[in-house]
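Written below as structure tokens is the structure these notes are about.
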Amino acid sequence: MVRVLHIVTGLASGGAERQLHLLIRHLPPHQQCEVLALTNPGTVAAALRADGVTVHHLGMRGNRDLGALPRLVRLVRTGRYDLVHTHLYRAQLYGRLAARLAGVRAVVATEHSLHAGVIEGRPVTRGVKGLYLAAERLGTTTVAVSRQVAQTLHSWGVPPARVELIPNGIDAARYRRPDADRVAARHRVRAELGLPQGSWAVGGIGRLVPGKRFHVLLEALAELDPATRLVLIGEGPERAALERRATELGVRDRLVLTGERDDVPDLLAALDVLAAPSTEETFGLGVLEGLAAGLPVRHSACPALDELPPSAAPQARRVPSEAAAYVTALRELRHLNDHTADPLPHPPAVGHYDIARVAADLGALYDRLARA
């Protein structure tokens with residue numbers, strides 16, 4: 001038995017948080033996982049508990065809540081974990097330090113969202129980078145979810161021997177369903193969301209934060225056929241700003257904000273196309289989810305697909321992150337759409353990033369570090 005504690009900044013329904021839940025479901029059975037959220041135990045915490053996973057909540061009040069560190073150290077020490085795995089910037093700073101103070105030898109961190117000048121949407125100042133590198137030296141291994149992330153880590157001076165490339169994964173099986181079930185889900189969700197019969201639904205998925213650039217889709221929506229609807233799946237601090245912008249553009253009645261949801265495959269079944277205008281992706285999980293749901297995808301950045309040949313995802317096309325470019329791309333798709341809403345077949349990219357394969361690689365890393 002290998003006891004693993006995952007420490008994550010929060011458990012709202014973002015890409016990193018949902019990826020953590022998915023990995024825990026598919027890790028080898030001899031690896032017993034618990035999860036600790038520093039703050040905000042949202043819908044992913046509830047989903048983990050429903051799966052029987054122990055979820056701890058530290059109740060941290062902010063980035064400078066240093067009083068949380070002794071509580072975190074005590075929890076790690078009491079749990080007698082063989083390995084600690086941290087996720088997201090704040091958890092990486094506090095989690096690596098707490099693990100070392102508690103005497104845990106194997107400390108892994110996954111870098112989910114790192115660019116040369118941006119980490120998780122915040123600018124990389126000298127202080128942010130210095131703290132990051134200081135904390136990195138307290139760990140054993142940093143997992144990069146794409147070659148782009150690995151290259152950024154190397155450029156910052158992290159030795160290649162300390163970086164392991166293990167991409168994010170997609171639960172392809174969750175999106176495969178009999179035609180009748182998919183049609184039923186489509187009708188049910190469309191009715192729930194208030195999508196009129198005959199409407200054409202463009203979707204976006206991800207946290208409502210500036211880096212996702214969902215305002216580009218709002219501006220495109222204002223130029224598209226009035227029967228077009230925009231469905232944004234996710235929650236975040238930009239919600240009010242997006243609602244205000246939609247009102248200014250005169251499309252508030254054509255915008256649907258679902259909030260945090262754990263039924264993403266059903267929601268995607270209700271859509272006709274997935275659009276992803278973000279330019280700051282380090283993997284592009286939402287794009288892979290759209291492909292797994294059988295949707296055509298128009299995206300502005302997806303390192304996961306950049307690392308594969310174009311034939312791996314023929315229904316995905318890159319579009320500049322500008323409203324005019326998305327208007328053109330979506331109009332072309334609408335013209336080609338035969339209104340049958342039949343899903344496209346799974347492209348090879350979905351199989352390449354299947355969660356079973358990814359979790360097996362991570363499980364092998366855990367076993368190797370736990371034995372060291």
| message | Go through region 72-103 and report how many residues are open to solvent by 10 Å² or more (accessible area, probe 1.4 Å) and either over 19 Å from Val158 (Cβ atoms) or in contact (Cβ under 8 Å) with a residue 40 or more places away in the chain (or both). | response | 18
| note | For region 272-301 the number of residues that are under 14 Å from the mean Cα position of the chain (by Cα), of a type outside the set (Phe, Trp, Tyr) and buried (at least 24 other Cβ atoms within 10 Å of the Cβ) is 10
| Out of (1) open to solvent by 30 Å² or more (accessible area, probe 1.4 Å); (2) over 22 Å from Leu97 (Cα atoms); (3) in contact (Cβ under 8 Å) with a residue 40 or more places away in the chain, the odd one out for Arg3 is which? | (2)
| Tally time: how many residues in region 300-320 are out of contact with any Lys or Arg (no Cβ under 6 Å at 6 or more places or on another chain) and not in a loop (DSSP other than H, G, I, E, B)? | 9
| request: Kindly indicate which of Gly42, Gly62 is of a type outside the set (Asp, Glu), within 17 Å of the chain's Cα centre (by Cα), surrounded by fewer than 23 Cβ atoms within 10 Å (Cβ to Cβ) and at pLDDT below 95. | output: Gly42
| task | Considering only region 141-181, state which residues are closer than 15 Å to Ala360 by Cα and free of Cβ contacts under 8 Å to residues at least 40 places away in the same chain. | result | Leu165
| request: Give the residues of region 164-173 that are open to solvent by 20 Å² or more (accessible area, probe 1.4 Å) and either assigned to a strand (DSSP E or B) or farther than 16 Å from Val108 by Cβ (or both), sorted by residue number. | output: Glu164, Leu165, Asp171, Ala173
| task | Inspect all residues belonging to region 258-273 and state whether any of them is basic (Lys, Arg) and touching a residue at least 60 places away in the same chain (Cβ under 8 Å). | result | yes
| Members of region 321-357 found to be open to solvent by less than 40 Å² (accessible area, probe 1.4 Å), assigned to a helix (DSSP H, G or I) and farther than 30 Å from Val183 by Cβ, listed by number | Ala323, Ala325
| task | Report, by residue number, each residue of region 174-185 that is among the charged types (D, E, K, R) and open to solvent by less than 30 Å² (accessible area, probe 1.4 Å). | result | Arg182
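Can you name the residue in region 187-244 that is of a type in the set (Gly, Ala, Ser), in a helix (DSSP H, G or I) and more than 22 Å from the chain's Cα centre (by Cα) and is also surrounded by the most Cβ atoms within 10 Å (Cβ to Cβ) among such residues?
Among those residues, the one meeting the criterion is Ala220.
Would you confirm whether any residue within region 334-353 is farther than 21 Å from Ala172 by Cβ and either hydroxyl-bearing (Ser, Thr, Tyr) or within 24 Å of the chain's Cα centre (by Cα) (or both)?
Keep residues of region 334-353 that are farther than 21 Å from Ala172 by Cβ, which gives 334-340.
Pick out the ones that are also either hydroxyl-bearing (Ser, Thr, Tyr) or within 24 Å of the chain's Cα centre (by Cα) (or both) and you get 340.
Looking for residues that are farther than 21 Å from Ala172 by Cβ and either hydroxyl-bearing (Ser, Thr, Tyr) or within 24 Å of the chain's Cα centre (by Cα) (or both), one finds at least one in region 334-353, hence yes.
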| query | Listed residues Arg90, Arg49, Arg74; which is under 12 Å from Val8 (Cα atoms) and either assigned to a helix (DSSP H, G or I) or within 24 Å of the chain's Cα centre (by Cα) (or both)? | reply | Arg90
| In region 321-370, the residues that are closer than 30 Å to Leu27 by Cα and out of contact with any helix residue (DSSP H, G or I) (no Cβ under 9 Å at 6 or more places or on another chain) | Pro345, Asp361, Ala364, Leu365, Tyr366, Asp367, Arg368, Leu369, Ala370
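The values are calculated or read from the model by the stated rules, or taken from the named source; none is laboratory data. Source: prediction; values computed, not measured. Quick reminder, even Gly has a Cβ in these numbers, built from the backbone with ideal geometry, and neighbours come from all protein chains shown. The area values use the complete protein model at the heavy-atom level, side chains included, leaving out ligands, DNA and RNA. Shrake-Rupley method; radii C 1.70, N 1.55, O 1.52, S 1.80 Å.
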